[in-house]
Amino acid sequence: MNWAEANAGWSWNPAADIQQIWAFPFMVNAFRAGTVVAVLAAVIGWYMVLRKQSFAGHTLSVISFPGAACATLLGVSAGLGYFAFCVGGALVIAAIPRSGQGGRSQESALTGTVQAFLLACGFLFVALYKGFLGGVNALLFGSFLGITTTQVITLAVVAALALGILALIGRPLLFASIDGDVAAARRVPVRALSVVFLVLLGAATAEASQITGTLLVFALLVMPAAAAQQITARPALSLVAAVLIAVLVTWCALVTAYYSPYPIGFYVTTFAFGVYALARTGRALAAIRPDVSEEPANTPVGHAPLGGTP
């Protein structure tokens, strides 16, 4: 049985469908890599949304495209280009102080400038490439085909290092993210934490780009985290919810893309948006629902409260 025969469509037997999908080593690797990427993107993305640095995350996702294009032009691994450009871009963004309103304006201006310049460089690298670059769509919109065991191991090692570092700085980073001025007054190294976090964000973006594509990696970074923060305000529960949402979205996208001619990045974005829309709608409905536990403000005339005297 070849992939074309197995890819004919759903059998409406979930157990048989999963068994069929996992009969191919590249799909097993895709699920492994997707799970690793989803966990890292959800955790880093949760802090990114909390710190209001979504624009920086979007810029790093755009930067991953010229990184992969440059690596292809030089004849080296695209993954190397992803990490080199994303981490390098993160260091450039981190060079601008973020404290105060003026610092944030400077960061936004520099971030936009870096994004526009490197995106143009990406298209230049594609134009300079003399061979057949049939993987442009895969670079932009993602692909689960061709993921090797070596790539899975590399992604797992990078994710383990990033999550280990984040575990060490998690508490002070949370403090600095909620109230940077108070954290600085308490001698928390706010500036150093910001630089380390941006580097971790660059590494997470480089990882996720290899699954979702460079244009849609932002969806996996921001939407599960944003949905989780709509569901609950408790940091620990919200973080766990973000991870669960990201993993579920990635798995559903992999299964759907397997039976579809469309890229996986589209399904990751669509499913993640659906979860966020549901979470946002539920939050809005909960806000307008009357509190039935409240007692009437006024007692009708001629009626005494229970147990009272008329």
Those residues of the range 23-72 which are without any contact (Cβ under 8 Å) to a residue 12 or more places away in the chain and touching a Cys at 6+ places or on another chain (Cβ under 8 Å), in sequence order: none
Which numbered condition Arg191 fails, given (1) out of contact with any helix residue (DSSP H, G or I) (no Cβ under 8 Å at 6 or more places or on another chain); (2) on the phi < 0 side of the Ramachandran plot; (3) free of Cβ contacts under 8 Å to residues at least 12 places away in the same chain: (3)
Residue count, the range 40-86 (criterion: among the basic types (Lys, Arg) and touching a Phe, Trp or Tyr at 6+ places or on another chain (Cβ under 8 Å)): 1
Candidate set from the range 98-132 (those that are charged (D, E, K, R) and either at pLDDT 85 or above or assigned to a helix (DSSP H, G or I) (or both)); member that is nearest to Gly81 (Cα to Cα): Glu107
Only listed residue being within 17 Å of Gly202 (Cα to Cα), among the small types (Gly, Ala, Ser) and surrounded by fewer than 21 Cβ atoms within 10 Å (Cβ to Cβ), chosen from Gly79, Gly75, Gly57: Gly79
Among the residues listed as Ala159, Ala192, Ala185, the single one being of a type in the set (Gly, Ala, Ser) and touching a Leu at 6+ places or on another chain (Cβ under 8 Å): Ala159
Given (1) modelled with pLDDT under 85; (2) farther than 18 Å from Trp251 by Cβ, number of the condition Phe24 does not satisfy: (2)
Matching entry among Val62, Val43, Val37, Val49 (being within 16 Å of Cys86 (Cβ to Cβ), among the β-branched types (Val, Ile, Thr) and within 13 Å of the chain's Cα centre (by Cα)): Val37
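The values are calculated or read from the model by the stated rules, or taken from the named source; none is laboratory data. This structure is a prediction, so every number in the text was calculated from the model and none was measured. Don't worry about glycine lacking a Cβ; one is built from the backbone with ideal geometry, like all the others, and counts go over all protein chains shown.
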